[in-house]
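Presented below is the structure to which this report refers.
FYI, it's all coordinate maths here, none of it is from the lab. Small disclaimer: the values here were computed from a predicted structure and weren't measured. Every residue, glycine among them, receives a Cβ derived from its backbone with ideal geometry; neighbour counts consider all protein chains shown.
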Amino acid sequence: MSQPSSPSLAVVPPEEYQQFADALNEFHPHSYQVSGGPVPHLYQIEDVLRGHLKYMHLDIVDAHLYAPADAVHRHHLAVISPVASATQIKSFSIYWNEHHLSDDDVYQLLKSLPFGSWKNPFMVRQIPLHLQPKMDGIMSKLSDGELHLFSPIPVMTMLLTPENTPPVPKLPDGYYFGILDGSYAEEILLPWIGAVTETINGISQFLDKFPSAAIFYRKHLNGTCEETASNGRQADELVSYSVYKHGADIGMTYTKESHRRKGLASAATIQLAHKMHRVGLPVTVIIDFDYKNSQKMHKGIGFTHYCDVAVPFYFPRTFDFDRLSYFSNFAIGFSGCMQKWNQTHVAK
């Protein structure tokens, strides 16, 4: 008598992405009240798939969508991997319905992913916050106890609906809107604390595919201020920007210190929001719970709190963090976590 086979994940072919995204929305009845009416809960994986249908960006990192092979649980779990261009940290996004799948079910399904080893560093981008403690236990089990939670990075997701989006504001004299292309990849990665998960080549390709909003400062006041991809690349200074990311949210928003307190970050965010609404994509941001100024800015634009998620990092106890590219960004952004990690793991 044959033994029943273990549950496993199968690759969902790209031609089924639209149907799969629609089914995720249909099978999970979570909702949130926005503008007095229910709006279907847009899980991040669903948003990524809809973004890919517009920009085909999953091909850049050779990412795949995985779902349970059996029809009963087909839409009760979904994984996209990888979700970052750097290979030094393996990455995936995951959602599962805990009412239909036990923790052991999820463990068995994830074990079938073609990762080779689960004893490497991992980032999960993103997971519903209430599932993160379950994820900790599953990752420990998958790695035979080798992986430990470095930081859960709890973040809030905020949503901007078309009716709440204000008009694009007029910029101060000397500034004009533009867009980014791949030539700005290194400049954008340098100040970003998440740079450890990406490569210059990866970000360059994403910038060439995705919508963005950039603000330039005209060093020569007799120059043109018309929107262009890279006009004045040599003469004009990129001072503020916001980009649509492959995680299906807008972010990496940044303004150079000498140009702050002029409303530039808000203006870039609003400009990008209009672009995304025109192509039918939801406008969301994820913001660290501790980043009160960013929360205040986005609320002022019209964003409303939507749901809470986590972006946990898992590392082996003996991992050498100095091996990471852009480690200085990581160490500064997660200084408290680094100190706790060193006290808890390295000292042993």
Neighbour net charge for H298 - beta-carbon separation under 14 angstrom, K R +1, D E -1: +1
Just to confirm a number: summing +1 for Lys and Arg and -1 for Asp and Glu over residues other than A310 whose beta-carbon lies under 15 angstrom from that of A310, what do you get? -4
Which value in deg cm²/dmol, rounded to the nearest 500, describes the helix-derived mean residue ellipticity at 222 nm for the chain, given -39,500 (n - 2.57) per DSSP H run of n ≥ 4 and division by the residue count? -8000 deg cm²/dmol
Set the Förster distance to 41 Å, then compute FRET efficiency between E26 and R261 from the Cβ-Cβ distance, nearest 0.05. 0.35
Using a Gaussian network for the chain with springs between C-alpha atoms less than 10 Å apart, which of these wobbles most: P162, P312, P154? P162
Which of P152, P172, P121 moves the most in a Gaussian network model of the chain with Cα springs under 10 Å? P172
Test of understanding: what is the full-extension gain from V279 to D181, defined as 0.36 nm times their sequence separation minus their Cα-Cα distance? 33.4 nm
Given an 8 Å cut-off on Cα distances and at least 6 residues of separation, report the relative contact order of the chain as a percent. 21 percent
Counting only DSSP beta bridges with both residues in the chain, tell me the antiparallel percent, nearest 5. 95 percent
Cut-off 11 Å between beta-carbons: net charge of the residues surrounding V106, Lys and Arg +1, Asp and Glu -1: -1
Under a crude label model (7 Å from the Cα following the beta-carbon direction), how far is I332 from A69 in nanometres? 4.8 nm
Principal semi-axes in Å for the chain [√(5λ), Cα gyration tensor, largest first]: 36, 24, 18
At 7 Å along Cα-to-Cβ for each site, give me the label-to-label distance between D288 and F115 in nm. 2.4 nm
Which is the longest run of the chain containing none of the GluC sites (Glu not before Pro) found in DSSP loop states (not H, G, I, E, B) with at most 15 other C-beta atoms within 10 Å? 99-225
Which entries in K245/K296; K90/K134; K90/K209; K54/K134; K209/K296; K119/K292 show an alpha-carbon gap greater than 26 Å? K54/K134; K209/K296; K119/K292
Spin-label point model (7 Å from Cα, Cβ direction): what's the L190 to H305 distance in nm? 3.7 nm
